[in-house]
Amino acid sequence: MDDIAHARSSALSSTPSSRARVLVVDDLSGNVNLATALLHREGYLVSTATNGIDALAAVARDHPDLVLMDVRMPGLDGFEACRALKSDPATRLIPVVLVTALQDADDRIRGIEAGADDFITKPFNAHELRARLRSLVRLKRYTDELDTADSVILSLALTIEARDPSTDGHCQRLAAYASALGHDLGLDGEAIAALQRGGFLHDIGKVGIPDRILLKPARLTADEYEVMKGHTNIGDRLCGELRSLRLVRPIVRHHHERLDGSGYPDGLKGDAIPLFAQIMGIVDVFDALTTERPYKPALSVARAYEELQIEVSHGWRSADLVEQFVRLSADNRLPRLDARGAIWLA
Ligand SMILES: [Fe+2]
């Protein structure tokens, strides 16, 4: 059997492919011992806790792949502990299986409301427990991989920025400006998160642009500019396979479009340009204008606003969005950042 076939078969075998860790939470030691024995037999590593508070500490300490938790415990009960885990971005993807008594139908409703991923009834049926845990642990592994792919892309974006010292802090500033404008427009949390990530990832496609063009300390020739424009298509392809970047991908592809259709790569017009991309386009231009580059000095904020208004008069930018962005600064709500992108408050 070759390595790939072996890895595939072990991933599908009845034993977890690498030892997954389960946190067992129950105030009754007899139940903890029973579950621990069962899980050890299945090849899991096991941590234990006897109440909700200890469970939250154990999750932070042991990073389990799954939490198997009784609902009835003194102090912080299983529902509350589950709710706390599911409301924390750092732990919300850890599957939580609540252990309920057979007769308590209301517990399931409360559990669903608390964000539980599954339920199992006492006394444990070993086959049922094995099947539930295996599928949830496998799902957790997939989300871990997605998470990892996501952070690889993010590191890549910062690496690209590091190639060009003149744009130091550009990504951080764009993330801060775009999310501030999104917030001001009343966009929801998911949209703000997309704008924040878009700030970091919008130019990810520059990974495919040669240094002689990307780092040229002078204005680009027409041919070089054509190559540089390709960063939008390259970035789009890089994000393409990651579901977690589905809201960021339009920013990556379309942040250089203009409302009159004179932008790139697709020459989209008006509302056909996704809103997040329009926002990123405005803050990208603003940051480029207010930052010193090898071939030009930095403009003042006031001068940069004038330039944005000129772009509005050319029909390139949305007058409403630019006005809203200018108002952020007028109301002293524009994030202030130093040259490296760190936020400081006036
Ligand atoms: Fe760009």
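Note on the range 224-268: among residues that are over 26 Å from the mean Cα position of the chain (by Cα) and in contact (Cβ under 8 Å) with a residue 40 or more places away in the chain, the one that is farthest from Gly189 (Cα to Cα) is Ser262. Of everything listed in (1) open to solvent by 50 Å² or more (accessible area, probe 1.4 Å); (2) within 16 Å of the ligand (Cβ to nearest atom); (3) at pLDDT below 85, the single unmet condition for Ala162 is (2). Taking the range 104-148 as the range and being closer than 19 Å to Pro89 by Cβ, open to solvent by 70 Å² or more (accessible area, probe 1.4 Å) and part of a loop (DSSP other than H, G, I, E, B) as the test, only Asp117 passes. Residue count for the range 269-278, restricted to those that are open to solvent by 30 Å² or more (accessible area, probe 1.4 Å) and either within 26 Å of Pro210 (Cβ to Cβ) or under 20 Å from the mean Cα position of the chain (by Cα) (or both): 3.
Among the residues making up the range 51-85, those that are outside any helix (DSSP H, G or I), farther than 20 Å from Thr143 by Cβ and under 33 Å from the mean Cα position of the chain (by Cα) are Asn51, Asp70, Val71, Leu76, Asp77. Within the range 289-321, the set of residues being within 16 Å of the ligand (Cβ to nearest atom), in contact (Cβ under 8 Å) with a residue 60 or more places away in the chain and either in contact with an Asp or Glu (Cβ under 9 Å, 6 or more places away or on another chain) or open to solvent by less than 30 Å² (accessible area, probe 1.4 Å) (or both) comprises Thr291 only.
The values are calculated or read from the model by the stated rules, or taken from the named source; none is laboratory data. Please read all numbers here as calculations on a predicted model, not as lab measurements. Please note: Cβ atoms are built from the backbone with ideal geometry, for glycine as well, and neighbour counts cover all protein chains shown. Surface accessibility is based on the protein's heavy atoms, side chains included, excluding ligands, DNA and RNA. Shrake-Rupley method; radii C 1.70, N 1.55, O 1.52, S 1.80 Å.
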